[in-house]
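Data first, discussion second: the structure below is written as structure tokens.
Values in this text are rule-based calculations from the coordinates and carry no lab data. Quick caveat, the model's predicted, so the values are computed rather than measured. Ideal geometry is used to build each Cβ from the backbone, glycine not excepted, and the neighbour counts take in all protein chains shown.
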Amino acid sequence: MRARVLVSVAVAATIAFGATGCEFLSPSRTQEIRQITDGVDVSTGTIDVRNALLISDSGKDARFVGTLVNTGNGDRTVTLEVDGDDQTVEVAGNSTTVLADDGEHDTVDFDDVSVKPGSLVKMYFSYDGAEGASATVPVLTSGQEQYQTLAPSPTPTSTPTSPSNSGSEPTGGASAPGTQSGSQTDSSEGDNGTN
């Protein structure tokens, strides 16, 4: 009986040592930096772009969602380009500009682009004096709860209207042009030689 207890204690000690030994030799997960957002990060010069993504339900227009951080002292006019369409954003020196339609922040909408929801699209970020940088940005839809209010509003299209008929019919004793009654000389007949 005593031998079984000693064997059990020895086995338990071996398992405990083996488990701690594996953890001891493997790197700690807290030392690994992982991006846990949906968007991507990219930097150019003194501009850091954080959590960049596009929201599009139609695939023909898109809203940029992300944060622009200016780590420099000077103001920057940052150009964002997607599928040949570009927009600019002013970012003051040593400040952060959040771009999202939440009632508090500005938005950047691209009205005529081809961005398939669920795909990755190349975006370019640049400003005068910097080389610029590109990033492959995910295109998401407003179907996800956190993005429900972020899809761009569809561009209104003009609807042709038919002309109104009011006022086109003559009223009272008046008649429409060319329908007067009575005798009238047609001036196109000319002078029949009677002077």
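For the reader, a short list of remarks on this structure follows.
- 15 Å cut-off, amide nitrogen to a point 7 angstrom out along residue 51 Cα→Cβ, residues in segment 76-113: 96-106
- When you count the other C-beta atoms within 10 angstrom of each residue and take the mean per peptide, 47-54, 71-78, 127-134 line up highest first as 47-54, 71-78, 127-134.
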